[in-house]
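Every read-out reported here was derived from the displayed coordinates using simple, explicitly stated rules and does not represent laboratory data. Keep in mind that this is a model prediction, so the values were computed, not measured. So basically every Cβ, Gly included, is an ideal-geometry build from the backbone, and we count neighbours across all protein chains shown.
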Amino acid sequence: MRVLGLESSCDETAAAVVDGAGCILSNVVLSQIEEHKPYGGVVPEIAARAHIDHMDRLIEQAMTEAGCELGDLSAVAATSGPGLIGGVMIGMMTGKAIAAAKQIPFLGVNHLEGHALTVRMTDQVPFPYMLLLVSGGHCQILVVRGVGNYQRLGTTIDDAAGEAFDKTAKILGLGYPGGPAVEAAAQQGDESRFKLPRPLKGKPGCDFSFSGLKTAVRREVEKLGDTITQQDMYDLAASFQRALCDSILDRMRHAVEIYQKQEGLAQADGGPHVLVVAGGVAANSYLKSNLQQLCLDSHFMLVAPPPALCTDNGAMIAWVGVERFKLGQRDGLDLAARARWPLDPNAPPAAGAGV
Ligand code: ATP
Ligand code: MG
Ligand code: FE
């Protein structure tokens, strides 16, 4: 069994082939960083045009590297949301065209489910598990019970975790994308130098807030004015990363308690509960080492995909295709692209979100 996965929801154009056992036969990712760099963020129209320019060639490359032809595929999976609608439509239309031409099933995949289920491909993690999803557009804690079966425990009321990294990088002049740049700068900084806020820390629940943190970084930069040095930048990056991780850990402690109460103190097989961290920010080593400590204290086991599978890629989309195909699920060629598509449609609005 072989499934082609296409990803085009943001600023990566990606194609991959994954087999039924979760072996990645090819995984080609083209980042549009250079196209968006001059603007300090992703420009939707530029992204959509770049997806059109590159998608066909990437599919060809993915098929060649996997050593198979379109006729060998069992199904095609393409991101159908959430994301920038122009980009989503390009990957999805391409996937549908291949499915129609080769008379094979099409599966429209939720991009967030791609992040959520990647560890089942890399580490064969069984359901249920707790998931910290930290990406460019999301920051959520979920219980993953099965394919398409999610319970959201908390979400951000303003910025996503990756967004906070990207905006902070912009304020510090570290460039785009901000996450890796802030992490590298922080390694040379003093994390205790600047006293930055930990929004929502100590409040009940599992929701997040990061916009005040980013504003506090901006104020510090303004206070330092023209005299700001390279070391000041490093110290601010480190203090920001410390504050963001502190906030996440505080929220995670509540989530761990809720999860343990819900699921019983140990898994049915006596093994530890599993905490998965996924999404682009899960590539951050500092966050992972903090989560590792929390897991040790709470008798959880931390699992994270390798960094290259944390950021957007086609293999995670192909894998959701594999999982859904095995369950007998198929989507029609009339499936619509969705700009918004929550994993848990029944989740109440975030506390304090005001909506
Ligand atoms: P979403 O998945 O929510 O739709 P997205 O697909 O744009 O958003 P991802 O590709 O999953 O986001 O992740 C990209 C984000 O991850 C960016 O905000 C980037 O700055 C952040 N990121 C990547 N590497 C790191 C790192 N080492 N440390 C912190 N953040 C990182
Ligand atoms: Mg991206
Ligand atoms: Fe993503």
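Structure above, values below:
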| read-out | value |
| --- | --- |
| Percent RCO, i.e. relative contact order, over the chain, from Cα pairs under 8 Å lying at least 6 residues apart | 24 percent |
| Efficiency of FRET between E65 and Y39 - r from beta-carbon atoms, R0 30 angstrom, step 0.05 | 0.40 |
| Assigned charges on the beta-carbon of Lys, Arg, Asp, Glu; segment 201-355 dipole about Cα centre (debye) | 220 debye |
| Segment 262-352, relative contact order in percent, only Cα pairs under 8 angstrom and at least six apart counted | 25 percent |
| Lys/Arg +1, Asp/Glu -1 at C-beta; segment 235-355 dipole; positive extreme among Q329, M316, I258 | Q329 |
| Cross-link pairs beyond the 32 Å C-alpha cut-off, checked among K201/K223; K261/K288; K167/K201; K37/K223; K170/K203; K37/K201 | K37/K201 |
| Segment D19-I228, extension gain: residue separation times 0.36 nm, minus the distance between their alpha carbons | 70.0 nm |
| Amide H contacts under 5 Å for G81, placed H, 5+ residues apart | H111, R338 |
| Sparsely packed trypsin sites (Lys or Arg not before Pro) within segment 179-248, loop by DSSP, other Cβ within 10 Å at most 13 | K195, K201 |
| Set of aspartates and glutamates near K96 by C-alpha distance (under 15 Å), chain-local residues within fewer than 8 positions excluded | E7, D56, D331, D334 |
| Virtual spin-label span in nm between M1 and I46, 7 Å along Cα→Cβ | 4.1 nm |
| Cα-centre dipole for segment 127-305 with unit charges at Cβ (Lys and Arg positive, Asp and Glu negative), debye to 20 | 320 debye |
| Cα lying deepest toward the dipole's positive end in the chain, options F210, I228, F240, charges on Cβ | F210 |
| For V274, distant residues with modelled amide H under 5 Å away | M130, M301 |
| With Cα atoms, 0 to 90° folded angle of helix 111-122 axis to the chain main axis | 80 degrees |
| Unit charges at the beta carbon, dipole of segment 127-305: most positive-side option, Q188, V281, V134 | V134 |
| Over the chain: helical MRE at 222 nm, DSSP H runs n ≥ 4 each giving -39500 (n - 2.57), nearest 500 | -14000 deg cm²/dmol |
| Theoretical FRET efficiency, 1/(1+(r/R0)^6), r = Cβ-Cβ of L296 and K261, R0 30 Å, to 0.05 | 0.90 |
| Three-way shape call for the chain based on the alpha-carbon gyration tensor, with the a/c threshold at 1.5 | oblate |
| Nearest-20 debye value, the chain charge dipole, Cβ charges on Lys, Arg, Asp, Glu | 820 debye |
| Calculated FRET efficiency for the pair Q187/R253, C-beta based, R₀ 30 Å, to 0.05 | 0.70 |
